[in-house]
Amino acid sequence: MSARPQHPLRATVLAVCAGVLTLAGCGDSGGEEPTGLGESTTTAPSAEPSADPTETPSDDPAGPTEHAFPDAGVTIVTPPPSGPAEQAALAAYVEFAREWRWSLREVRLSEQLPALAVAPVVQTVEDSLAYQEENGIRYGGEMVITPVVEESGDALVVLGGCIDGSAVLLVDDGEERPPDGVDEHPVIPMRVVLGNDGSGWKVNENTLHEDESC
């Protein structure tokens, strides 16, 4: 059976604002972790002193960090955090996005997802997976998420940014095609709210504005 939902991505994510946290404003997956290369060098002593011995070299400002998870079909490009709270919240979002996208790709709920989001957000993913199973569809291709920090506090971080779904594919009865609406809005805005009630950072809201362009 070939299913062509009116809003295939909207079926995957609904706006959920959890009321379980008392916060202002709002109520096997896995890919391989990126690895780095260490480099050891030796240098000879400088033959001449610096022209200005009082000058202190300054490092370039930190740039965005790319987190690529090919097995989940998602890449998240995070901005440099301004402090420990933002750093922890962004790390939690990266893990959530990875497990959420993996779940849609594999059509089964990631075992890690319930620890990364509040129950209502997890429920929307389960509802989406039930829809996918009923209609024989899954999501392939590649999604690129570029979050930006819009609000930041010790226990609440709000992310805006964009989701590029131009390379996402809907696999329907074994045939691949772009999801409906992607040709009109290939890059859409997002809103994500993360909160920390003392037990760790979790996603409280995950909204995709599919009828808008970023």
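The values are calculated or read from the model by the stated rules, or taken from the named source; none is laboratory data. Just so it is clear, the model here is predicted, and its values are computed rather than measured. Here the Cβ positions follow ideal geometry from the backbone for every residue, glycine too, while neighbour counts run over all protein chains shown. For accessibility, only protein heavy atoms count, side chains too; no ligands or nucleic acids. Shrake-Rupley method; radii C 1.70, N 1.55, O 1.52, S 1.80 Å.
Can you send over the carbon and sulfur percentage of the accessible area for the range 98-214, probe radius 1.4 Å, protein chains only?
On the way: 2320 of 5020 Å².
About 46 percent, which is the carbon plus sulfur part of the accessible surface.
Any idea what the relative contact order of the range 65-208 is, in percent, if you count C-alpha pairs under 8 Å spaced at least 6 apart? Intermediate values should be presented prior to the final figure.
Numbers: 275 pairs, mean separation 33.3, N = 144.
The value is 23 percent.
Residue separation times 0.36 nm, minus the C-alpha to C-alpha distance between E176 and A155: what's the value? Before the final figure, lay out the partial values.
Values: separation 21, 0.36 × 21 = 7.56 nm, distance 4.14 nm.
This chain segment gains 3.4 nm when fully extended.
What figure, in Å² to the nearest 10, do you get for the accessible area of S213 with a 1.4 Å probe and non-protein molecules left out?
Spelled out: S213, probe radius 1.4 Å, area about 70 Å².
When ligands, DNA and RNA are left out and all protein chains stay put, how many square angstrom of accessible area per residue does the range 65-208 have with a 1.4 Å probe?
40
E66 versus T207, label points 7 Å from Cα toward the beta carbon: distance in nm?
Spacing of the two 7 Å Cα→Cβ label points: 3.1 nm.
Taking 8 Å as the Cα distance limit and 6 or more residues as the minimum spacing, I'd like the relative contact order of the range 66-119 as a percentage.
Details: 47 pairs, mean separation 16.9, N = 54.
After rounding, I find 31 percent.
Can you put C214, C162 in order of accessible area, largest first, using a 1.4 Å probe? Walk me through the intermediate numbers first.
Numbers: C214 75, C162 40 Å².
Descending accessible area places them as C214, C162.
Order 173-182, 152-161, 188-197 from most to least packed using the mean count of other Cβ atoms within 10 Å. Mind dumping the intermediate values first?
Values: 173-182: 14.0, 152-161: 18.0, 188-197: 21.4.
Highest-to-lowest ranking by the protection proxy: 188-197, 152-161, 173-182.
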